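This report concerns only the one structure given below.
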Ligand SMILES: Nc1ncnc2c1ncn2[C@@H]1O[C@H](COP(=O)(O)OP(=O)(O)OP(=O)(O)O)[C@@H](O)[C@H]1O
Ligand SMILES: [Mg+2]
């Protein structure tokens, strides 16, 4: 070896993870997004790479493509990212691609030229909004539903980091700069295949006991579908494909606990407490989740079968401040029981309440 080139024999590896500058993002994502650790890991790697400046600064900070079945946390992850980056889960510019299924609708995105129909309407891709904040999140939701011209527009954003609007604003050149934005696209592509794989699992056909093996199978199926649906030039411009997986039972239970915490705090604000038995939780999970819709119907079920009924009992005075309510399951229906009311002068100790409940 030439004497000018120093010998490099110290292997480099990450020894201290606490030095990670994105620790706060990691904490928020892990708090908010349940059971998607491999997706979170992929996002963090991509953001870490982008944050160090090892990137083409004419393009978006990163372009993330989230795919996977419905109701498993893709949009929730975007909300968590917005919370971590901007302290506000709603701080995100969202383009619903299902509204742009025909070529002429694209003019809504970039505005119509002067004199054309809609020229008085503002462009969805608003220059001030997009450039207004560093690390602004721009979300293109359900991109497979968008027209080919929308895909071309996305190619342009990924490639050049700029979109030219049909109208110039006062004192600008009509170009919207995406170089300080984090571009996120979501897609359900491949989710039908994933459902098929999972249904095969459920009936024991080609059963894989190893979760890692199942995860790999899901990844392969989604990747194949992505390759079928999106052109190589599109795929090559995406920084990272992040695959979300169907939620396991434990994760669904955690999502339910998250909703119950919210219901619990609303009850607490009215001065009473609720408790759900395990079989009631199991009932909600069985009834409120679906292989094709993930956790999506669960919130609706909690609102309908729990919160709405509690609100009604509260309005009618059947539940009052100071009550301790147990929600149990009888004959496949949720029933509400109240602990015997205690005099306000006596300090209630609910841990000793045994089975002393009255039906409401
Ligand atoms: N992994 C998860 N962590 C936390 N909450 C989740 C998760 N998955 C689903 N949820 C809950 O279910 C609801 C639906 O999830 P979300 O909106 O993220 O679905 P999605 O994956 O974007 O589905 P779609 O493809 O239909 O848009 C969320 O509001 C959230 O409360
Ligand atoms: Mg979504």
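Things to note:
- Restricting attention to segment 239-253, the residues that are in a helix (DSSP H, G or I) and exposed (fewer than 14 other Cβ atoms within 10 Å of the Cβ) add up to 2.
- Residue in segment 275-292 that is on the phi > 0 side of the Ramachandran plot, out of contact with any strand residue (DSSP E or B) (no Cβ under 7 Å at 6 or more places or on another chain) and loosely packed, with under 13 Cβ neighbours inside 10 Å present: no
- Any chance residue 99 is within 23 Å of residue 192 (Cβ to Cβ) and without any contact (Cβ under 8 Å) to a residue 24 or more places away in the chain: yes
- Restricting segment 170-182 to residues that are surrounded by 15 or more Cβ atoms within 10 Å (Cβ to Cβ) and assigned to a loop (DSSP other than H, G, I, E, B), the residue that is modelled with the lowest pLDDT: 174
- Hey, residue 223 without any contact (Cβ under 8 Å) to a residue 12 or more places away in the chain and either over 29 Å from residue 196 (Cα atoms) or assigned to a helix (DSSP H, G or I) (or both) or not: no
- Some residue of segment 57-72 being more than 16 Å from ligand 2 (Cβ to nearest atom) and modelled with pLDDT under 90: yes
- The set of residues from segment 220-259 being more than 12 Å from ligand 1 (Cβ to nearest atom) and closer than 22 Å to residue 296 by Cα comprises 222, 249.
- Meets criteria (in a helix (DSSP H, G or I), closer than 19 Å to residue 70 by Cα, at pLDDT below 90 and in contact with a helix residue (DSSP H, G or I) (Cβ under 6 Å, 6 or more places away or on another chain)) for residue 218: yes
- Every pair of residues 6+ apart whose Cβ atoms lie under 9 Å, when the first sits in segment 266-281 and is in contact (Cβ under 8 Å) with a residue 60 or more places away in the chain while the second is surrounded by 13 or more Cβ atoms within 10 Å (Cβ to Cβ): 273/264; 273/267; 273/323; 273/324; 273/325
- Pick from segment 265-282, criterion in contact with a helix residue (DSSP H, G or I) (Cβ under 9 Å, 6 or more places away or on another chain) and under 30 Å from residue 197 (Cβ atoms), ranking: nearest to ligand 1 (Cβ to nearest atom): 281
- Qualifying residue in segment 87-96 (condition: crowded, with 21+ Cβ neighbours inside 10 Å and more than 16 Å from ligand 2 (Cβ to nearest atom)): no
- Condition check for residue 84: within 14 Å of the chain's Cα centre (by Cα), more than 22 Å from residue 218 (Cα to Cα) and away from ligand 2 (no atom under 14 Å from the Cβ): yes
- Residues located in segment 2-37, provided they are surrounded by 15 or more Cβ atoms within 10 Å (Cβ to Cβ) and modelled with pLDDT of 85 or more: 25, 26, 28, 29, 32, 33, 34, 35, 36
- Boolean, residue 94 is in contact with a strand residue (DSSP E or B) (Cβ under 8 Å, 6 or more places away or on another chain) and either free of Cβ contacts under 8 Å to residues at least 24 places away in the same chain or closer than 23 Å to residue 230 by Cα (or both): yes
- Any hit, segment 11-22, residues being within 16 Å of ligand 2 (Cβ to nearest atom) and without any contact (Cβ under 8 Å) to a residue 40 or more places away in the chain: no
- Residue pairs whose Cβ atoms lie under 8 Å apart, separated by 6 or more positions or on different chains, with the first residue in segment 63-77 and farther than 24 Å from residue 196 by Cα and the second near ligand 2 (Cβ under 9 Å from one of its atoms), are 77/66.
- The set of residues from segment 183-193 being in contact with a strand residue (DSSP E or B) (Cβ under 9 Å, 6 or more places away or on another chain) and at pLDDT below 85 comprises 190, 191.
- Those residues of segment 143-173 which are over 25 Å from residue 101 (Cβ atoms) and either within 16 Å of ligand 1 (Cβ to nearest atom) or touching a residue at least 24 places away in the same chain (Cβ under 8 Å) (or both), in sequence order: 161, 169, 172
The values are calculated or read from the model by the stated rules, or taken from the named source; none is laboratory data. Remember, it's a predicted structure, so these values are computed and weren't measured experimentally. Here the Cβ is made from the backbone with ideal geometry for all residues, glycine too, and neighbour counts use every protein chain on show.
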